[in-house]
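What follows draws every value from the coordinates through simple rules; no lab data is involved. What you see is a predicted model, and the numbers here were worked out from it, not measured in a lab. Using ideal geometry, Cβ is built from the backbone for each residue, glycine included, and neighbour counts are taken over all protein chains shown.
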Amino acid sequence: VERAGLEGIYREHGPRLWRALLLATGDPEVASDALAEAFAQALRRDSDLRDPAAWVWRAGFRIAAGEMKTRNRVEAMSVDVVQEMPESFLDLWAALRRLTPHQRTAVVLADYAGWSHREIARAMGSTASAVGVHAHRARRRLRELLEDRDA
Amino acid sequence: VRVVDCESFWRIEMRDLKERFREADGLPTPDLWDEVRARGAAPGREGLARSTRPGLDGRKPITVAVAFMVFAAAGTFAWVAFRGTETDRSIHPVPVEDPFGDVEPGWSELPVPPEVRSYAATAWTGSQLLVWGGDEFAGSGGGVNDDGFIFDATDGAWRPLPDAPLNARSFPAAAWTGSELLVWGGSAPGSFGQYVRYDDGAAYDPATRRWRALPPAPIDGRAPVSVWTGEELIVWGSQDRELRRVDGAAYDPSEDRWRRIADAPIELTDATAVWTGEEMIVFGAALHGGNFPETPTAIGGAYDPERDTWRQLPPSDLSPQAHTAAWVGGEMIALDYEQGTAAYDPSTNGWRPLADIPLRFYECSPRSVAIDGFVFANFCGATAVYSAAVDRWHDTARPDLSGWVLEPVAAGQTFLVMGRSQESGERKMLAFNPLDGLQCAGTQHVDPTQPEGATYVVERFQRMRFDDARADIGGILSLRGEAAFADPDSGLQPLVGGYYHFVWEVLFVDGPLGPDDAYEVGVRMRIGLGERVVEETYFVSPGRNLEGEHCPLVIDGGRPGVAGP
């Protein structure tokens, strides 16, 4: 991938990928590091990548998942980065904290990034059926939590 | 009984959830392109470099500096992230592509291995399969080995492993740490029928192709069970019917140091250890002094490395010789010699029975390994795969492998299986990809826009197989959950069979919440000839039936459902 071409992909996809990583991990550091590392690895691969945009999304989520696995306990999701967002979004942000990492990744990639379960499975190193279960449970839990907050 | 009306149960509609996610587009984002270029240009840089990244536009900056620690000779790197407090955390390199990501669903054949080692130290690195030591069964038994092989999935080549500073042995503890293969302990036949039990170990780094010796362990030699916790290799007990060992130790490669662990409250001679994320569970049989169990059922214990404490598991219903287990989906799936299976959930500290493995009975002790969502079990060449999503075992046996020695290894989302015929000596390297291998091709997808009352038909609902008797049940499942599966009066009774389940009543249907989502279906089932009734929950995905196999859900266009053939 030529630098100019990849920079264009970065400009087009970078912000959305960063937000998706943030929603999935809750940690702006992890989101930034995963995004930067994914694009840097794409840059080093030159023309090896057939679909660089899809590749950096997958790579970003795999790198972030690897980083999150190194943590022994789930850390509190940072609120600094979202504190000026609308209240309805803050409710969603808080509810996401209550999901498991797999559920969070599945629902973010499905409902924010618009991926199919097969695409999510490839990024997560899982299977489409497992992703379906994660997404289903995530949505059900989110609805329960959001309805509680609304009430 | 809970019947869920999918359309009205939730006050927060699916579209509302997506709307809330769309609000994330208002989040300001940092510009990391300079960081990308810096990283992209520095893959071979030695030492620690730091750079500062811009913060959020006009917001409180995230003072993250990212540094690299590049081991040029190794060709691999670890990277370290800092918050402004200078507190660093190690971040392991992450393989971003699964080399078997494009392998065909189901079975496929790979280049033939030079040998098929049993009871060897094996590890999957993300791109390479490492095999060291072990023995090759050759009718009357084989000798143990002090060498090994590497299967490189990126080019499909088998290559020798560099010589290890260890004597030949089988049953060593082994773990992949993310950068090294750790090997410790094990045993080998000695003179006069005695066994030599080793108390040394070594670590192999694929990046440098070098071994290093581990420091002396604080326990004596043995063939232990072991787990990798993400931080430590824990070795415990001994798979030796002449020894009674309840002690163990843990090795931390980052400190290159061992520590003793608390003694366990149980002894096991034939066991498996799994890591739950918080505890090491050891599960198996106590067969001291021969092949006779000392307990009425298989037993287990759980060790918490943070507290250095043990607790005993409640007894399972599995036979006292059971000693194979794998961790998947928040449960330990355990198997016994008689093809019975059960799941242990640490959060409830309870067991639940699973349907028996649908294989013909073999006089054989099973072995199993797990990947995310699936367990692969081997009964002397007959294989089955458990899917956590549908909570069932599936017969995946290949007739041509019957009676073979199979050595399965978890490799990302694929099972690698090294196999050797005990009759002909033929060897195979196989991959089993459960991604779609348990699904039905060409099935119509569920259309979530169908009118209320649309009925889904389970065309062929194949239950488990016992001997050669197949129990095929047709059934009807309404989107709204009112309709029951076919009952014995429908004419769709099981054809024949010793053991089968029969869906009695649909209790609830939950979902789908998205076009690709699974339905969660609760059913009351009658088992066998009606002597036992259980309630279970299944996930029914578009393209799958309740068993996850054959041609399953087909939309019926809103007309009353009809059972399939």
Legend entry - Normalised convex hull volume, segment B:300-353, alpha-carbon set, Å³ per residue: 87
Legend entry - Ranking of B:Ile371, B:Ile266 by count of other Cβ atoms within 10 Å, fewest first: B:Ile266, B:Ile371
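Shape verdict for segment B:174-320, please, from the Cα gyration tensor: rounded (a/c under 1.5), prolate (a/b greater than b/c) or oblate. Working shown, then result.
Details: a/c = 2.14, a/b = 1.33, b/c = 1.61.
Since a/c reaches 1.5 but b/c is at least a/b, the shape of segment B:174-320 is classed as oblate.
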Inset, instruction - List the pair-distance distribution P(r) of segment B:230-283, using every Cα-Cα distance, as the percent of pairs falling in each 5 Å bin from 0 up to the bin containing the longest distance, rounded to whole percents. - result: 4, 20, 26, 25, 16, 7, 2
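Report the calculated FRET efficiency for B:Thr154 and B:Ser254 (r = Cβ-Cβ distance, R0 = 35 Å), to the nearest 0.05.
Values: r = 28 Å, r/R0 = 0.79.
Efficiency, from the Cβ-Cβ distance: 0.80.
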Legend entry - Of all DSSP beta bridges in segment B:195-249, antiparallel share, percent nearest 5: 100
Inset, instruction - Could you pull out every residue, at least 5 positions away or on a different chain, whose amide H is within less than 5 Å of the one on B:Arg222? Hs are placed 1.01 Å off N in the peptide plane, and Pro or chain starts have none. - result: B:Gly186, B:Tyr198
Inset, instruction - Would you kindly derive the ³J(HN,Hα) couplings of segment B:297-313 from the backbone phi angles with the Karplus curve 6.51 cos²θ - 1.76 cosθ + 1.60 (θ = phi - 60°), listing them in order in whole Hz, with x for Gly and Pro? - result: 9, 4, 10, x, x, 10, 10, 9, x, 6, 9, 6, 10, 10, 9, 8, 7
Legend entry - Phi-based couplings in Hz for segment B:392-401 (Karplus 6.51, -1.76, 1.60; Gly and Pro marked x): 8, 8, 10, 6, 10, 5, 9, x, 6, 9
Legend entry - Residue order, fewest to most surrounding Cβ atoms within 10 angstrom, among B:Thr177, A:Thr105, B:Thr414, B:Thr348: B:Thr348, B:Thr177, B:Thr414, A:Thr105
Legend entry - Under-5 Å amide H pairs with B:Asp270, H placed in peptide plane, nonlocal only: B:Ala285, B:Leu287
Inset, instruction - Per residue of A:137-143, count partner chain C-beta atoms within 10 Å of its C-beta, then hand back the mean as an integer. - result: 6
Inset, instruction - Taking amide H positions as placed in the peptide plane 1.01 Å from N, state which residues far from B:His394 in sequence (5 or more) or on other chains have amide H under 5 Å from it. - result: B:Val385, B:Tyr386, B:Ser387
Inset, instruction - Shielding by partners for A:98-107, please: the mean number of other protein chain Cβ atoms within 10 Å of each residue's Cβ. - result: 1
Inset, instruction - Give the peptides B:249-255, B:162-168 in descending order of average Cβ contacts within 10 Å, highest first. - result: B:249-255, B:162-168
Inset, instruction - Only residues of segment A:13-37 count here: report those whose backbone N is under 17 Å from the spot 7 Å along Cα→Cβ of A:Asp51, or say none. - result: A:13-14, A:17
Inset, instruction - Measure off 7 Å from each Cα along the Cα-to-Cβ vector at B:Asp25 and B:Thr208, then give the distance between these two points in nanometres to one decimal. - result: 5.1
Legend entry - Phi to ³J(HN,Hα) by Karplus 6.51 cos²θ - 1.76 cosθ + 1.60 over segment B:212-227, Hz, x for Gly, Pro: 9, 7, 7, x, x, 8, x, 10, 7, x, 4, 10, x, 8, 7, 9
